[in-house]
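What follows is a single structure, written as structure tokens, with notes after it.
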Protein chains: 2
Amino acid sequence: MEKIQGGVTAAKGFLAAATAAGIKYKDRTDMAIIYSEKPCRAAGTFTTNVVKAAPVLWDRRITEEVGQAQVVVVNSGIANACTGEEGLRYCQETSAEVEKTIGVPANQVLVASTGVIGMQLPIDRIRTGVQTMAPMLNGSLEAGNAAAKAIMTTDTHEKEVAVQFEVDGKTVTLGGMCKGSGMIHPNMCTMLAFLTTDLAISEELLFEALRADIPDTYNMISVDGDTSTNDTVLLLANGMAGNAEITEKNADYEEFCKALRFVNTELAKMMAGDGEGATALFEVKVIHARTKKDAKILSKSVVCSSLTKAMIFGHDANFGRILCALGYSGAQFDPEQVELHFESAAGKLLIFKDGVAVDYSEEEATRILSEPAVTVIADMKMGDAEATAWGCDLSYDYIKINADYRS
Amino acid sequence: MEKIQGGVTAAKGFLAAATAAGIKYKDRTDMAIIYSEKPCRAAGTFTTNVVKAAPVLWDRRITEEVGQAQVVVVNSGIANACTGEEGLRYCQETSAEVEKTIGVPANQVLVASTGVIGMQLPIDRIRTGVQTMAPMLNGSLEAGNAAAKAIMTTDTHEKEVAVQFEVDGKTVTLGGMCKGSGMIHPNMCTMLAFLTTDLAISEELLFEALRADIPDTYNMISVDGDTSTNDTVLLLANGMAGNAEITEKNADYEEFCKALRFVNTELAKMMAGDGEGATALFEVKVIHARTKKDAKILSKSVVCSSLTKAMIFGHDANFGRILCALGYSGAQFDPEQVELHFESAAGKLLIFKDGVAVDYSEEEATRILSEPAVTVIADMKMGDAEATAWGCDLSYDYIKINADYRS
């Protein structure tokens, strides 16, 4: 497997376009479209929030009942959540517009929205946006990058990644893009991610590979503990790499899973590190936990703790907050056994051992915590399980962004 | 029942004192002592955090095994948590100092600490503090108020309340003080609260009354979702009101429970409203829920949501975040049925109904949300259960306070 340049247009046969449709933002692009030259197998995973946005309901039906798709239309600015019947009708009307303009059947058009909850989409502008983008569709890396930019909300930069690997003597490409960066919390990933591949694989295994990957990637990130109404990961496979279709869990399937894990982990970390107001990616590794479940619960508890996140922002080695967050996680352990390290590009430092703080240098701790990516390692000394969670620090800008998000 | 002036010294026979012991803060009091002229029945409830501070372990043993106490010694500045054997020894040494100086047996001395985790107490200063306070012990309201001030950490004001009620023809007084204001999250209350009463009541019923009250009062508040290692509520009853001891759940017991509910609710709301950096008390009332459990889960999910809290800080009626937080709470409901109101001293406004936003005035919503106490009412239209949770908004100052708490 090799990392390459690009995102959703990296794989064969995938085109993209973006436009400034004037949904809510001014002076920037806010609509994107992904198009595959051939119909794709389509898999999706969606928010577990009881309140599901209209596009989530629409896409779930298509991925689960139709299982095939050729177009994804995305807008940023308005989430089309808590919008009742009217909101659902707009999904249908967006897809109908794609059918009319591009010729793909409406029931093979996926839609996604992100932005303010509770406002209705300006459907005329969405329609015009589709019409504008149709003739612009393009397989260049630039087109993919333009799409990645258009789906951003409070993100500070676009998020793309792509890899190539071999299957059946053919080069297969898997690429993706995503957007964060608020309302980010596990179950599921609280974000939009779009993955495209030219791999030939059965619908069943495509779904299974995606579902198996989410719990260790997107579901291990948190920006603010708020699980969005719109979380969506879509994975499209058009088979254009020309490999013999993967229909069983063989070495080729494993190779695809490895690529998927890499792409999703990279995208997840990009989202966490670009959380609203973030100045640092905050990684929490729990090792030697009793069970995998415990390791996940512990690492997520620390990564979600407001006090710990504020401590990372302040580059302050207030490690008691980490022990406190481990302690209220719900997992059982012996506080006297826990060992804590801080680690970053500036070094690694033991902080806590045998129930008390070791005699560490505050200066060195601050230096380690001042890097743009900071890791806390908690060794529970109870077993062999481990898990990693990703988040970000909690800064003044998080408040600034969210105190008046709509204006 | 009547609300009266005062706090921990309001009830007969309770004295208090405070001093500047120089534990960590400079130029302010940081130690307090509560003393009862007669030995008290003592009940306590403590943090559910796996990591329990040394004073929590000490007090749990006394309240559960001894069941009697006469003195409480409290310090602010250092939490005596994650301090191993040495930390436990300091609880013992503090109590021994009280025995030596005041003559109360060490196993009837409760201790409590709040502040930085992971640092050891300067035990010599604690000892000197006890010696200084012993001759100052005083039953005046001023002495109670001085104690309430000394236990503050990032609190902006002291928190006291007291009531009087009749039992068996005698006037009974119940008073209390508490401190917040960070690491505040249910299970239990993530704070220190000290309640004193001159009621005569059996140890068993004293415990039961306290335990039954916590789930609807302290456990319904949240400042930041972090459950502290030090949470403690202590309730002392010295029987000096002269009533016939309450030994069964009769009308007198109910009267006491009512007073306890009032005092604990008032203290809980004071803590929530004085959460770190808070500019407003944020109340979430869930009505017509399917079950009490659902009502609690739903109200706490909203009161804990960073995005909702930031919205309250911004006086911005971004109601979608409330629906979102209800949706990821874990409780099931039909989003199409939910009705949302904002309410404060400035009025009450319907925002959301039948699955969509109603045509409300943004100006009026902002006016309502600009008050120092703001309520969200979520009508689930599913049953008869209801619950109220309290928190505060999320402001720049929360970050400021917590990015470098130790310095």
- Query: Limited to region B:324-335, what total is found for residues that are surrounded by fewer than 24 Cβ atoms within 10 Å (Cβ to Cβ) and at the interface with chain A (Cβ under 7 Å from one of its Cβ atoms)?
  - Reply: 3
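Taking the condition away from chain A (no Cβ under 13 Å), in contact (Cβ under 8 Å) with a residue 60 or more places away in the chain and in a loop (DSSP other than H, G, I, E, B), does B:Glu386 pass?
no
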- Does region B:171-198 hold any residues that are modelled with pLDDT of 95 or more and β-branched (Val, Ile, Thr), and which are they? B:Thr171, B:Val172, B:Thr173, B:Thr196, B:Thr197
- Of (1) surrounded by fewer than 22 Cβ atoms within 10 Å (Cβ to Cβ); (2) away from chain B (no Cβ under 14 Å), A:Ser370 satisfies every one except (2)
- Would a scan of region B:342-360 turn up a residue that is in contact with an Asp or Glu (Cβ under 6 Å, 6 or more places away or on another chain), charged (D, E, K, R), in contact (Cβ under 8 Å) with a residue 40 or more places away in the chain and within 19 Å of B:Gly320 (Cβ to Cβ)? no
- Message: Can you confirm whether B:Asp168 is at pLDDT below 95, open to solvent by 10 Å² or more (accessible area, probe 1.4 Å) and within 14 Å of chain A (Cβ to nearest Cβ)?
- Response: no
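Residue by residue through region B:344-366, note down the ones that are part of a strand (DSSP E or B) and either open to solvent by 60 Å² or more (accessible area, probe 1.4 Å) or within 14 Å of chain A (Cβ to nearest Cβ) (or both).
B:Lys348, B:Leu350, B:Ile351, B:Phe352, B:Lys353, B:Val356, B:Ala357
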- Message: Out of the residues in region B:21-44 meeting the condition of being open to solvent by less than 20 Å² (accessible area, probe 1.4 Å) and over 22 Å from B:Lys149 (Cα atoms), tell me which one is farthest from the other protein chains (Cβ to nearest Cβ).
- Response: B:Cys40
- Flag if A:Gly320 is open to solvent by 50 Å² or more (accessible area, probe 1.4 Å) and within 11 Å of chain B (Cβ to nearest Cβ): no
- Query: Being at positive phi and not basic (Lys, Arg), is that true of even one residue in region B:24-37?
  - Reply: yes
- Search region A:389-407 for residues being surrounded by fewer than 21 Cβ atoms within 10 Å (Cβ to Cβ) and either more than 7 Å from chain B (Cβ to nearest Cβ) or at positive phi (or both), and hand back the single one that is modelled with the lowest pLDDT. A:Ser407
- Task: Can you tell me which residue among B:Glu276, B:Glu248, B:Glu208, B:Glu254 is of a type in the set (D, E, K, R) and under 30 Å from A:Ile399 (Cβ atoms)?
- Result: B:Glu276
- Task: Report whether or not B:Ala244 is farther than 22 Å from A:Ala325 by Cα, more than 12 Å from the chain's Cα centre (by Cα), of a type in the set (A, V, I, L, M) and open to solvent by less than 50 Å² (accessible area, probe 1.4 Å).
- Result: no
- Item | Checking A:Glu97 against (1) touching a residue at least 60 places away in the same chain (Cβ under 8 Å); (2) of a type outside the set (A, V, I, L, M); (3) open to solvent by less than 40 Å² (accessible area, probe 1.4 Å), the condition it does not meet | (1)
- Starting from residues that are within 18 Å of B:Thr232 (Cα to Cα) and not small (Gly, Ala, Ser), keep the ones in region B:91-111 and report whichever is farthest from the other protein chains (Cβ to nearest Cβ). B:Gln108
- Within region A:1-20, track down each residue that is surrounded by fewer than 24 Cβ atoms within 10 Å (Cβ to Cβ), among the aliphatic types (A, V, I, L, M) and not in a strand (DSSP E or B). A:Met1, A:Ala20
- Task: Would you check which residues across region A:105-120 are more than 21 Å from A:Ala193 (Cβ to Cβ), modelled with pLDDT of 95 or more and open to solvent by less than 20 Å² (accessible area, probe 1.4 Å) and list them?
- Result: A:Ala106
- Please work out which residue is farthest from A:Ala148 (Cα to Cα), limiting yourself to region A:46-92 and to residues that are within 17 Å of the chain's Cα centre (by Cα) and open to solvent by 20 Å² or more (accessible area, probe 1.4 Å). A:Thr48
- Message: So, in region A:287-316, exactly how many residues are away from chain B (no Cβ under 14 Å) and surrounded by 23 or more Cβ atoms within 10 Å (Cβ to Cβ)?
- Response: 3
- Looking for whichever is touching a Cys at 6+ places or on another chain (Cβ under 8 Å) and either open to solvent by less than 20 Å² (accessible area, probe 1.4 Å) or farther than 30 Å from B:Pro335 by Cβ (or both) here; the options are A:Lys149, A:Lys159. Which one fits? A:Lys159
- How many residues does region A:277-286 contain that are among the hydrophobic types (A, V, I, L, M, F, W, C) and within 13 Å of chain B (Cβ to nearest Cβ)? 2
- Task: Scan (1) assigned to a helix (DSSP H, G or I); (2) crowded, with 24+ Cβ neighbours inside 10 Å; (3) touching a residue at least 60 places away in the same chain (Cβ under 8 Å) for the single condition B:Lys258 breaks and write down its number.
- Result: (2)
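Looking at A:Glu158, A:Glu142 in this structure, which one is touching a helix residue (DSSP H, G or I) at 6+ places or on another chain (Cβ under 9 Å) and under 30 Å from A:Ala278 (Cα atoms)?
That would be A:Glu158, the only listed residue that is touching a helix residue (DSSP H, G or I) at 6+ places or on another chain (Cβ under 9 Å) and under 30 Å from A:Ala278 (Cα atoms).
A quick yes/no check of all residues on (1) hydrophobic (A, V, I, L, M, F, W, C); (2) at pLDDT 95 or above; (3) in contact with a strand residue (DSSP E or B) (Cβ under 8 Å, 6 or more places away or on another chain):
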site: A:Ile322; (1), (2), (3): yes, no, yes
site: A:Ser344; (1), (2), (3): no, yes, yes
site: A:Lys348; (1), (2), (3): no, yes, yes
site: A:Asp354; (1), (2), (3): no, no, no
site: A:Val358; (1), (2), (3): yes, no, yes
- Item | Scan of region A:114-141 for residues that are within 14 Å of chain B (Cβ to nearest Cβ) and out of contact with any Ser or Thr (no Cβ under 8 Å at 6 or more places or on another chain), ordered by number | A:Val116
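The values are calculated or read from the model by the stated rules, or taken from the named source; none is laboratory data. Keep in mind that what you see is a predicted model, and the values were worked out from it rather than measured. Cβ: placed from backbone, ideal geometry, glycine included. Neighbour counts: every protein chain shown. Remember, those area values only see protein heavy atoms, side chains included, never the ligands or the DNA or RNA. Shrake-Rupley method; radii C 1.70, N 1.55, O 1.52, S 1.80 Å.
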